[in-house]
Amino acid sequence: MKLFPTIEEVFSNPLPIYKTIFFPLVTIDLGEDMDKKEGKVHFISVLGDAYPYLIKDDERFEWDFIIFDWDGTHYQFDNSVINMEETAPLLEWYASIEEDYNKHKSEYLKNHSWEEARDSHLEKMRIKRRKISHDLYMYADMLLSYWITRDKYLETGLFIRDYGYYGLNDKVNKPVISLSKTGITNRSDELVGKVCGYNYLTYGEDEIKLSIDRKKQQIIQKFYWS
């Protein structure tokens, strides 16, 4: 099991746009972590859950599910169904947010008191982005929460979601990974398990349920919201 795998560990030949809409949360080794022989699957939070128009394929993607092709280790996705017109701003936003994050990373990862948080670089940038665009503001909040949670986990081994470092929640959480106890089946929905997306990033799914269709060599993720 690995938390926060890279986009390259999840997808075969990922396009640059992938990192702006797909956020890898957990990799499960089917042989080591479960009684399902060899192979790997990956729980992914998807930006388009709330914006299904970002991907033009309602048979493989909607607000409550997504289907990936699977070679046993990596995922593939039909690049032609990504709505490049709708996703065009994301690459620019991502690059800008990433540049700011890398430049001020120590500040972003610093533990702040409630008083310090009000004058933090993050809060100043939130105000600035909100004035530019509400969509940019929301996207940056989600992306930064993912990076902060990931990097603090890699640094400390503690799983504390995003703004826990800004006076809002200082408790140590759990990744909330529930794996199925069943072995390999011939069903089209062989359950692997469930993950709480919200624990990994702001605006994440309440639950991500992952299943395997071995005949079609596909991974099905279903999303649940409260």
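Read-outs throughout are calculated quantities, based only on the coordinates presented, and are distinct from any laboratory measurement. Since the model is a prediction, treat every value here as computed from it, not as a measurement. Ideal geometry is used to build each Cβ from the backbone, glycine not excepted, and the neighbour counts take in all protein chains shown.
A few remarks follow.
- Our summary gives segment 1-69 a relative contact order of 24 percent, counting only alpha carbon pairs under 8 angstrom and 6 or more residues apart.
- Rounded to whole numbers, the Karplus 3J(HN,Hα) couplings from phi for segment 150-159 are 4, 6, 6, 5, 5, 7, 10, x, 9, 9 Hz, using 6.51 cos²θ - 1.76 cosθ + 1.60 with θ = phi - 60°, and x at Gly and Pro.
- Calculated mean residue ellipticity at 222 nm for the chain: -9500 deg cm²/dmol, from DSSP H runs with n ≥ 4 weighted as -39500 (n - 2.57), summed, divided by the residue count and rounded to 500.
- Between 0 and 90 degrees, the angle of helix 121-132 with respect to the longest Cα principal axis of the chain falls at about 80 degrees.
- Local electrostatic count, ILE82, Cβ distance below 11 Å [Lys/Arg +1, Asp/Glu -1]: -3
- When each of the peptides 184-190, 198-204 is scored by how many other beta carbons lie within 10 Å of its residues on average, the order from highest to lowest is 198-204, 184-190.
- Taking the longest Cα principal axis of the chain as reference, the axis of helix 84-103 is set at about 50 degrees.
- Options ALA95, LEU25, HIS134, ranked by Cα towards positive dipole end of the chain, top entry (Cβ charges): LEU25
- Projected-area mean, the chain, by convex hull of Cα positions, square nanometres: 12.5
- Restraint check, LYS37/LYS105; LYS124/LYS152; LYS103/LYS194; LYS124/LYS222; LYS110/LYS181; LYS56/LYS181, Cα-Cα greater than 32 Å: LYS37/LYS105; LYS103/LYS194; LYS124/LYS222; LYS110/LYS181; LYS56/LYS181
- For GLU38, the shell of other residues with beta-carbons less than 10 Å away shows a net charge of +1, using +1 for Lys and Arg and -1 for Asp and Glu.
- Other-chain or far-sequence residues with amide H under 5 Å of HIS112's (modelled H): TYR166, GLY167
- Residues whose amide H lies under 5 Å from that of LEU30, counting only those 5 or more places away or on a different chain, are GLY39, LYS40, VAL41; hydrogens are built 1.01 Å from N in the peptide plane.
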